[in-house]
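What follows is calculated from the coordinates using simple rules that are stated; it is not laboratory data. The shown structure was predicted, so the numbers you read here are calculated from the model rather than taken from an experiment. Positions of Cβ are backbone-derived with ideal geometry, glycine not excepted, and every protein chain shown enters the neighbour counts.
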Amino acid sequence: MSRVYDTIIIGSGPAGLTAGIYGKRAQLDVLIIEKSPMSGGQIINTYEVDNYPGMPGVTGFDLASQFREHCDKLGVPFVEGEVIRADLDIPIKKVWLDDESCYEAKSIIIAGGAINRKLRIPGEIELSGKGVSYCATCDGAFFRNQEVVVVGGGDVAVEDAIFLARGCKKVYLVHRRDSLRAAKTLVAQLNALENVEIIWDSIVEKIEGKDFVESAVLKNLKTMEARQLNVQAVFVAVGTIPNTEIYGESLQLNDSGYIIAGEDCATNLDGVFAAGDIRTKHLKQIITAAADGANSITTVEHYLNKI
Ligand SMILES: Cc1cc2nc3c(=O)[nH]c(=O)nc-3n(C[C@H](O)[C@H](O)[C@H](O)COP(=O)(O)OP(=O)(O)OC[C@H]3O[C@@H](n4cnc5c(N)ncnc54)[C@H](O)[C@@H]3O)c2cc1C
């Protein structure tokens, strides 16, 4: 008979690693499955994390390594492989990896995270972490009194522009259409700010700079005119893509593909939990992902006690 774990955690970013720590300390039979050779998720490539309490200026790599070492010290088992299929709406859940192996568990914590939608323009990848950012909350403080661009027209882009305007000298909000999709209250707040300029009907075509961002080259989609902005950062806020495509139709997702779950991380399926950036939530950060990792284990314990 194959081994049936108490819980299998899919993904070893901050949410999955914290779930591993809490799960092991709660004496659950846990297993973490991670597709990358390194744990840490999105933070591995983050040069500086300046908002994780008690660790100012830690590199993403070091923080991820410390989370993973904590798991290793407690003896949390890991398997490297990509979950490509999951049967979740049955009492003993099954997950299959890309090497065709299958693992079983009484519960599953999905902590597969999300990826930021990219602009796919020259300079974006080369200058990522050197002025190109996908997270104003994380990196905005590095550009105090400087000039920055925000790309996008939804709630996140407008919230980012408002947030950045508090510390930056000037914020250009570049949007491809002639009106914003963001909530009216946010747009009203934005319009009241003197150091924000909205550039309509325009896209960023190129980001330039030798070692760090020095300028953004825009194109007006109506007039085809080019404009160069001398800025020190480009914040891309054109959406995120959650890693939920493999979970089938039984698991409830919102319109953007995020797993619908609250702070207890419970989904619509018995014994299936969602932690971190992959679930519906307001603020997607390391600390909130880690909090989900902890909360999800508490909910798993309640679930296991009643089945
Ligand atoms: C450039 C950048 C900078 C950031 N800076 C900060 C910052 O300074 N401070 C801050 O608080 N937050 C920051 N964030 C946000 C933070 O990184 C995320 O909120 C956090 O990593 C989310 O953790 P998570 O565990 O939910 O998901 P992730 O970090 O996305 O981890 C998910 C993990 O699951 C794995 N996985 C996915 N699907 C599968 C599968 N099918 N099978 C197996 N494994 C799978 C992935 O490989 C990954 O390791 C930043 C994000 C980015 C992109």
With eigenvalues of the C-alpha gyration tensor scaled by 5 and rooted, the range 170-302, Å: 38, 16, 16
Cysteines having no other Cys beta carbon under 4.7 Å from their own, within the chain: C71, C102, C168, C265
Rg(Cα)/(2.2 N^0.38 Å) for the range 108-205, N = residue count: 1.12
Non-local Lys pairs in the range 1-145, i.e. 8 or more apart or on different chains, that have alpha carbons under 28 Å apart: 17
Dipole in debye (nearest 20) - the chain, about Cα centre, beta carbon charges: Lys, Arg +1; Asp, Glu -1: 520
Neighbour-count ranking [beta-carbon atoms within 10 angstrom, fewest first] of V234, V4, V156: V4, V156, V234
Between helix 14-25 and the chain: long-axis angle, C-alpha atoms, 0 to 90°, nearest 10: 30
Theoretical gain in end-to-end length, E263 to V4 [0.36 nm per residue, Cα-Cα removed]: 90.6 nm
Ranking of I162, I90, I246 by count of other Cβ atoms within 10 Å, fewest first: I90, I246, I162
Using a Förster distance of 45 Å, the FRET efficiency for I44-T223 (Cβ separation, nearest 0.05): 0.60
Alpha carbon centroid spacing (whole Å) that separates the range 77-156 from the range 221-270: 10
Sorted by Cβ density within 10 Å, fewest first, the residues Y172, Y303, Y247: Y303, Y172, Y247
